[in-house]
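Every read-out reported here was derived from the displayed coordinates using simple, explicitly stated rules and does not represent laboratory data. Since this is a predicted model, take the numbers as computed values, not measurements. Positions of Cβ are generated from backbone atoms using ideal geometry, with glycine treated the same way; all protein chains shown enter the neighbour counts.
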Amino acid sequence: MTDVWELVHEERAALADDLRDVPDALWDTPSFCPGWTVHDVLAHLVDTARTGRTGFVVGMIRARMDFDRQNATGVARERGASPGQTLRRFDACRSLTRRPPAPLDTRLVEMVVHGEDIRRPLRISRAYRPEAVHRALALQARTSTSFGGARELIAGIRLSATDAEICLGDGPEITGGALALLLAISGRPVEPGELDGPGLAELVRARGAA
C-alpha cells in the first residue's frame, strides 16, 4: 500500500504543474465548489496544507465552530494578490504533512475532489493514481455529511465502480468510474454518461432533502 503522504504530495505537484500556464484571466473561472473561483479553491488548498491540528482547532474556535466561516477566513488569508503568488504559495506547501484531527485519507479526498473542482471547469484532465481515488471514495462513503462526507446521502444506494473492484452499499445501483462516483457523492457535477443506474435518482432526492 502506497504511503498516503506520497500520494498527497504527488497530487499537489501535479496540480501545480497543471496550473503553471493557465492565463491570469481564467483564474476567476467559477469552480465546481459552489461560490468559489478556481483561484479561491487553490487558496483553500494552501490554507489546509499549512494547517495542523492545533491551528485547525484554534481556527474553529475563532469561527465559532462554523466550517464555512473558517474556510472563508483561510481563503482570504492565503489568496495572493495574483494567481502567480497563490501558486507559489501552493508550490511551497507540496511536501508538508500537516492535517486536522481527522483521518489521514481526508487529504486524498481534498486533493482529488478539489483538484477536479479546479481542473474540470478549466478543461484540464488528470489521470489520478487509482489508489488515491479509491481511498478517497471509501472515506467519503463512510463519513457523515456533518463532517463533509456522504454516508447519510448514500444510505440505501449501491455504488459500483466500472473501473475497479469496488461495490459499496446496498439498494438501487449507481454505476460508473470511481472518480465520477466520488465526485457525485461529494456534490459535484459529472459529465453526461459518466454515471448510470436507478440509484442516481435516489442520490438526487437525498441531496435535495439534505
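Worth a mention:
- Label assignment, Rg/Rh (Cα atoms, Kirkwood Rh) derived from the structure, set [x] 0.95; [y] 1.01; [z] 1.07: [x]
- Helix axis angle, 38-50 relative to the chain longest principal axis, alpha carbon, degrees: 80 degrees
- The chain, helix-only ellipticity at 222 nm - DSSP H runs n ≥ 4, -39,500 (n - 2.57), divided by all residues, nearest 500: -16500 deg cm²/dmol
- Applying both filters, DSSP loop and at most 11 other Cβ atoms within 10 Å, to the trypsin sites (Lys or Arg not before Pro) of the range 120-210 gives Arg123.
- For the range 4-107, the residue among Val4, Gly55, Phe90 whose Cα projects farthest onto the positive side of the dipole built from Cβ charges is Gly55.
- Global geometry of the range 32-104, whether rounded, prolate or oblate, following the gyration tensor of its Cα atoms and the 1.5 cut on a/c: oblate
- Against the chain, whose longest principal axis comes from its Cα atoms, helix 199-209 is set at around 60 degrees.
- Between helix 53-62 and the chain: long-axis angle, C-alpha atoms, 0 to 90°, nearest 10: 90 degrees
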